[in-house]
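Engineer: One structure follows; several queries about it will come next.
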Amino acid sequence: MQEITNFLDKKIEENNFKITITFYELRIKMNLTQEETETFLEYSKTRLENLDYQVFYTGEKYTINSINKIVEQNELLVAIKNK
């Protein structure tokens, strides 16, 4: 859990409006298995929602600054801060 918290804190520090978690970050850099990745994303979603973010997964559509976007294949999760 602390690893997830540290990871998200760093992401929020970099950009507190839009958080993006990629396949490369979790599966390659952190060397997580598929199961570990799913757990990581589940806990990340819960934490981000508690911090007032909307969370979207690969293939889901979202709107940012009146522009419609889709979470790309290499992106596992995108979180947008509610205004």
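The values are calculated or read from the model by the stated rules, or taken from the named source; none is laboratory data. The shown structure was predicted, so the numbers you read here are calculated from the model rather than taken from an experiment. Backbone-built Cβ (ideal geometry, glycine too); neighbour counts: all protein chains shown. Accessible surface is based on the protein model in full, side chains and every heavy atom, while ligands, DNA and RNA are left aside. Shrake-Rupley method; radii C 1.70, N 1.55, O 1.52, S 1.80 Å.
Engineer: Just name the residue that is farthest from residue 76 (Cα to Cα) out of those in the range 42-53 that are open to solvent by 40 Å² or more (accessible area, probe 1.4 Å) and assigned to a helix (DSSP H, G or I).
Structural biologist: The extreme case among them is 50.
Engineer: Tell me which residues, restricted to the range 54-70, are part of a strand (DSSP E or B) and either in contact (Cβ under 8 Å) with a residue 12 or more places away in the chain or surrounded by 14 or more Cβ atoms within 10 Å (Cβ to Cβ) (or both).
Structural biologist: Listed by number, the residues that qualify are 54, 55, 56, 57, 62, 64, 69.
Engineer: Next question. In the range 6-41, how many residues are open to solvent by 30 Å² or more (accessible area, probe 1.4 Å) and over 28 Å from residue 65 (Cβ atoms)?
Structural biologist: Matching residues across the range 6-41 total 12.
Engineer: Do you know which of the residues in the range 1-19 that are assigned to a helix (DSSP H, G or I) and of a type in the set (Val, Ile, Thr) is farthest from residue 38 (Cα to Cα)?
Structural biologist: That would be 12.
Engineer: Just wondering, is there one or more residues in the range 18-25 that are at pLDDT 95 or above, more than 17 Å from residue 74 (Cβ to Cβ) and not β-branched (Val, Ile, Thr)?
Structural biologist: No, there is no match, as no residue in the range 18-25 is at pLDDT 95 or above, more than 17 Å from residue 74 (Cβ to Cβ) and not β-branched (Val, Ile, Thr).
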